[in-house]
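A.B. asks: Pasting a structure here, questions to come.
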Amino acid sequence: MKYEIANKNKIVPWGITVLIAALVSLFVLSAPANAGVSPSVGRNVSDNGTVIIGETNIRFVDHDGNLIRSGTLESTWEGSNINIHFSTPFDTTSEEVKSKLTKGKYKVVGDNNRIIHVYFELPALSVKTKVNGEDSEWVIRGGNITFEAVTNLWVIAGPLPNTISYKLIDPLGRRLYEVNGVSMLNIEESKPLTINTSDLDTGTYTLSIETDPATNNGLDAEGPSITFEVRSSGVISISATPRVQAVSENIEFNVSTMPYTNVTLEVTHGIASNVQFSPIGTYTTNLSAHKHKVYGTSDDEGIFKVNAEFYDTGTYEITATELFGNTTASVNVTIKPIAAELTEPEEKWYPIGKELNIAGKTYGGKSVVIKASGEFIGNVSLNPLTGDPKYNKKFSLEKSPGKKWNTSGLAPGKYKIKIWVLPASDPDKDPPDDSSIVYLLRSGLSVKVSSGFVAQGDDFKISGEAKGRGRVDILIIAPRGGSGHGLNYTQIFDETGGKLDVPGVAHIIRDVTNGEFETDDITVPKDADTGMYMIVVLNYGRDGVWGTKTGTSDLIQAISYNYTSDLMIKTQEQILELIIDKTVNQPGSDDLMAVARIKVENPYLRLRDIEDVPLGSDFTVRGITNRKEGTTVVVTVEGPVKLKPQFVEVEGDTENNKFNNFEASFSTKGARIGTYIVTADDGDGHQATKTVKFVAPPANVTPPPGIELTPTPTPAAMPINQTAVTNRTAAGGKGKVNVSLAAALQNHGVITAVSIAAVLAAAISGVAVTAVRRKKKVPPYKRKVLHTLPPPPGEKWRRWFKR
């Protein structure tokens with residue numbers, strides 16, 4: 001039997017045709033992996049095979065290896081409806097096909113009813129750059145860099161190698177076809193390409209892959225580009241963390257270079273013997289004999305890390321050198337002296353027997369040695385501290401094995417707490433890094449001040465307990481000590497008949513009744529010094545004299561060596577030490593002492609910010625002051641209209657002891673939109689002001705009780721002079737009022753319960769605004785003065801009302 005084949009009308013026996021087709025098919029299907037295909041030969045794709053979009057010669061074969069010459073490609077994923085007619089050979093780049101063909105799984109339905117499934121994929125053509133076998137985006141000029149293709153060209157299997165070209169663009173935009181004798185063209189896709197960069201200029205290069213259509217079944221595509229940098233220096237950077245550190249603390253140095261590159265770090269400014277390097281983790285590190293220099297190798301990412309400890313203050317330069325190109329980079333660090341601050345105990349006076357916590361903060365160090373008047377208290381470890389710009393560590397006796405300082409059995413008097421931060425400081429040789437003083441006093445006498453602060457011109461009280469004692473002496477010492485201008489600056493001069501002048505000290509004597517004492521109101525003169533006053537309360541014990549050596553019950557005489565010591569030149573602390581030395585601290589003394597403080601301030605009032613107030617609502621004015629509780633403050637609100645003044649009293653603040661509070665509430669009914677000035681006045685010439693805005697209320701105004709807003713159909717665009725119908729359903733259910741919108745707008749007093757803005761909104765939206773009425777006009781000569789109140793008691797308010 002013969003079959004006619006349409007090729008120049010030649011007649012070929014069917015057996016020969018089958019043999020030729022079988023040989024071609026066998027040759028194509030048995031091609032090695034990573035081998036390419038010429039588009040003139042093409043390739044067969046069977047069931048579950050893959051085609052790269054861009055191939056130009058594809059033949060589909062069924063499960064038996066028979067050719068499916070023509071048919072339809074049908075998309076199979078949900079929501080798709082792609083149908084593409086095909087014939088053999090199938091070209092994915094033809095105009096008819098490429099406009100429809102997308103990535104996905106398709107069913108190949110042959111005209112001979114044979115069916116297979118085929119995957120169509122986009123070409124994957126990415127490239128990596130490697131240095132020393134590791135991914136890298138840069139290389140030192142003169143070093144080698146390797147290009148490695150990552151593709152899916154293995155899909156196109158055939159007798160030829162899959163070849164590609166590397167498209168290399170230099171910093172000037174020129175394409176390089178050859179580098180140092182190495183061609184960028186016709187490279188086997190599966191083989192990496194290594195070039196030497198000695199002939200390249202420094203800068204940034206762009207690299208991508210181009211396919212060779214002749215070996216990739218007609219696929220002509222370019223992959224995405226990447227960049228790499230050719231550098232003249234092998235060290236990209238050296239960083240130090242932190243850049244500023246305390247003595248004897250570590251700094252971490254981080255060097256970035258090429259992978260697996262030998263580096264060194266050394267001191268190039270500063271005294272090298274003050275620096276010791278130490279390894280970090282798994283980094284390959286070798287130290288010099290004295291550890292003042294370090295050698296190492298960077299890891300697979302080109303990173304090398306090392307620690308350094310500095311034993312003296314100053315600025316140091318650390319230089320890193322990579323030993324491939326001998327390029328360097330440097331960083332400066334600053335080493336500061338140890339800093340420390342005691343934060344506890346907070347007060348200075350404690351009863352003997354109380355356990356005291358000692359705590360503080362440091363900049364640097366590993367532990368803290370604590371001593372109190374020479375007695376060792378403990379060696380406390382340091383913990384990290386964050387959020388403090390000055391210190392980075394903290395310590396506390398509470399969290400140490402030694403716990404708190406037990407003062408039981410100690411004698412009354414002054415104790416100096418000292419701390420040394422190790423290892424920078426030596427407690428046996430060096431002065432302390434910080435210190436503070438506490439006074440331990442016998443129990444049995446307590447003192448309480450009515451407030452922690454007082455304004456000039458106001459008053460306060462001192463009270464307390466002294467069980468079993470008959471009287472107490474109270475000394476109030478000004479912030480500047482004896483030379484200050486205190487609460488009664490002529491008192492001691494008068495008491496001593498001019499023998500002693502101490503204007504900064506006031507002296508009060510009070511009897512003790514039923515174990516308690518209390519002073520009268522102590523008025524602070526308006527010209528008294530401001531600042532922290534020290535209040536010292538003493539009892540001379542059952543022997544009736546101060547201490548055991550003074551022989552007198554006159555406290556001023558006792559502490560001034562019979563009026564011979566000039567107390568005017570003494571500070572607060574010096575006067576306190578004199579008092580302790582002449583009373584409670586003398587051997588055998590049964591004197592008692594307690595100490596408190598009060599801060600004298602310039603009088604002030606301050607108003608808190610006030611948010612905008614919707615017209616018709618209430619608002620509250622709040623303020624703070626150091627005027628005493630019960631002081632009257634008048635608050636006024638003045639602007640387009642004046643609101644009724646409010647007289648309020650100052651109240652104490654239960655949450656703090658730094659200021660008192662006052663507040664006044666106002667209604668804005670009858671006010672107008674605008675800016676108002678809020679003023680608070682204490683009647684003694686001290687004022688505070690703020691501005692507040694009264695603004696239009698929201699459009700969704702709630703009507704007053706008893707009035708119902710009823711929607712009434714109106715045209716979409718009603719003329720301004722058209723009547724808006726308002727329905728009033730009051731308690732009696734009577735009345736319907738028709739009011740012209742223009743007339744309503746001409747009379748600002750015609751609207752009650754809603755603003756003009758609400759009337760406009762009602763006219764536009766078709767909502768009838770209720771309860772509209774005219775306000776009766778009153779001639780000026782008949783108008784009454786609004787908000788007139790009788791003046792409150794007190795001469796100062798009469799002056800206020802005359803303004």
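The values are calculated or read from the model by the stated rules, or taken from the named source; none is laboratory data. This structure is a prediction, so every number in the text was calculated from the model and none was measured. Methodologically, a virtual Cβ is constructed for each residue, glycine included, from the backbone with ideal geometry; neighbour enumeration extends over all protein chains shown.
A.B. asks: Read through the list (1) under 39 Å from the mean Cα position of the chain (by Cα); (2) surrounded by fewer than 20 Cβ atoms within 10 Å (Cβ to Cβ); (3) over 30 Å from ASP521 (Cα atoms), then give the number of the only condition that HIS686 fails.
C.D. replies: (3)
A.B. asks: Residues that are among the aliphatic types (A, V, I, L, M), out of contact with any Cys (no Cβ under 7 Å at 6 or more places or on another chain) and either within 30 Å of VAL263 (Cβ to Cβ) or in a loop (DSSP other than H, G, I, E, B) (or both): does the stretch 360-372 have at least one?
C.D. replies: No, because not a single residue in the stretch 360-372 is among the aliphatic types (A, V, I, L, M), out of contact with any Cys (no Cβ under 7 Å at 6 or more places or on another chain) and either within 30 Å of VAL263 (Cβ to Cβ) or in a loop (DSSP other than H, G, I, E, B) (or both).
A.B. asks: In the stretch 656-690, what count of residues is obtained for those that are farther than 21 Å from GLU601 by Cα, in contact (Cβ under 8 Å) with a residue 60 or more places away in the chain and hydroxyl-bearing (Ser, Thr, Tyr)?
C.D. replies: Number satisfying all stated conditions: 0.
A.B. asks: Another question, then. Please state which one of ILE598, ILE610 is at pLDDT 95 or above, part of a loop (DSSP other than H, G, I, E, B) and out of contact with any Cys (no Cβ under 9 Å at 6 or more places or on another chain).
C.D. replies: ILE610
A.B. asks: Here's another thing I want to ask about it. Does ASP520 count as surrounded by fewer than 16 Cβ atoms within 10 Å (Cβ to Cβ) and either among the aliphatic types (A, V, I, L, M) or over 30 Å from HIS686 (Cβ atoms) (or both)?
C.D. replies: Considered against the rule, which asks whether it is surrounded by fewer than 16 Cβ atoms within 10 Å (Cβ to Cβ) and either among the aliphatic types (A, V, I, L, M) or over 30 Å from HIS686 (Cβ atoms) (or both), ASP520 comes out as no.
A.B. asks: Give me the residue from the stretch 192-231 that is closer than 29 Å to GLU252 by Cα and touching a Gly at 6+ places or on another chain (Cβ under 8 Å) and, out of that set, surrounded by the most Cβ atoms within 10 Å (Cβ to Cβ).
C.D. replies: VAL230
A.B. asks: Just for the stretch 612-651: of the residues that are of a type outside the set (A, V, I, L, M), closer than 22 Å to LYS526 by Cα and touching a residue at least 24 places away in the same chain (Cβ under 8 Å), which one is surrounded by the fewest Cβ atoms within 10 Å (Cβ to Cβ)?
C.D. replies: GLU629
A.B. asks: Considering only residues that are modelled with pLDDT under 85 and in a strand (DSSP E or B), which ones fall in the stretch 284-302?
C.D. replies: If the condition is that a residue be modelled with pLDDT under 85 and in a strand (DSSP E or B), then THR284 is the only one that fits.
A.B. asks: For the stretch 389-421, which residues satisfy the criterion of being among the hydrophobic types (A, V, I, L, M, F, W, C) and farther than 14 Å from GLU341 by Cα?
C.D. replies: The answer is LEU397, TRP405, LEU410, ALA411.
A.B. asks: Same structure again: Would you confirm whether any residue within the stretch 438-445 is touching a residue at least 40 places away in the same chain (Cβ under 8 Å) and at positive phi?
C.D. replies: yes
A.B. asks: Now, a different point. Do we find a residue being at positive phi and not in a strand (DSSP E or B) anywhere in the stretch 200-207?
C.D. replies: Scanning the stretch 200-207, I find no residue that is at positive phi and not in a strand (DSSP E or B), so the answer is no.
A.B. asks: Let me ask something else. Examine the stretch 250-257 for a residue that is in the same structural domain as THR284 (by TED's automatic domain parsing), in a strand (DSSP E or B) and closer than 30 Å to ASN180 by Cβ, and state whether such a residue exists.
C.D. replies: Yes: one or more hits.
A.B. asks: Only one of these is in contact with an Asp or Glu (Cβ under 9 Å, 6 or more places away or on another chain) and outside the structural domain of ARG672 (by TED's automatic domain parsing): ILE580, ILE556. Name it.
C.D. replies: On inspection, the qualifying residue turns out to be ILE556.
A.B. asks: Would you point out which residue out of TYR533, TYR561 is more than 30 Å from PHE659 (Cα to Cα) and either crowded, with 20+ Cβ neighbours inside 10 Å or more than 50 Å from the chain's Cα centre (by Cα) (or both)?
C.D. replies: TYR561
A.B. asks: While we're looking at this one, here's another question. Considering only the stretch 634-660, how many residues are in contact with a Ser or Thr (Cβ under 9 Å, 6 or more places away or on another chain) and part of a strand (DSSP E or B)?
C.D. replies: Number satisfying all stated conditions: 11.
A.B. asks: Quick one: in the stretch 55-85, which of the residues that are acidic (Asp, Glu) and in contact with a Lys or Arg (Cβ under 6 Å, 6 or more places away or on another chain) is nearest to ALA214 (Cα to Cα)?
C.D. replies: Of everything passing the filter in the stretch 55-85, ASP62 is nearest to ALA214 (Cα to Cα).
A.B. asks: Another question about this same structure. Only one of these conditions is not met by VAL97: (1) surrounded by 16 or more Cβ atoms within 10 Å (Cβ to Cβ); (2) touching a residue at least 40 places away in the same chain (Cβ under 8 Å); (3) closer than 25 Å to ALA124 by Cα. Which number is it?
C.D. replies: VAL97 satisfies all of (1) surrounded by 16 or more Cβ atoms within 10 Å (Cβ to Cβ); (2) touching a residue at least 40 places away in the same chain (Cβ under 8 Å); (3) closer than 25 Å to ALA124 by Cα except (2).
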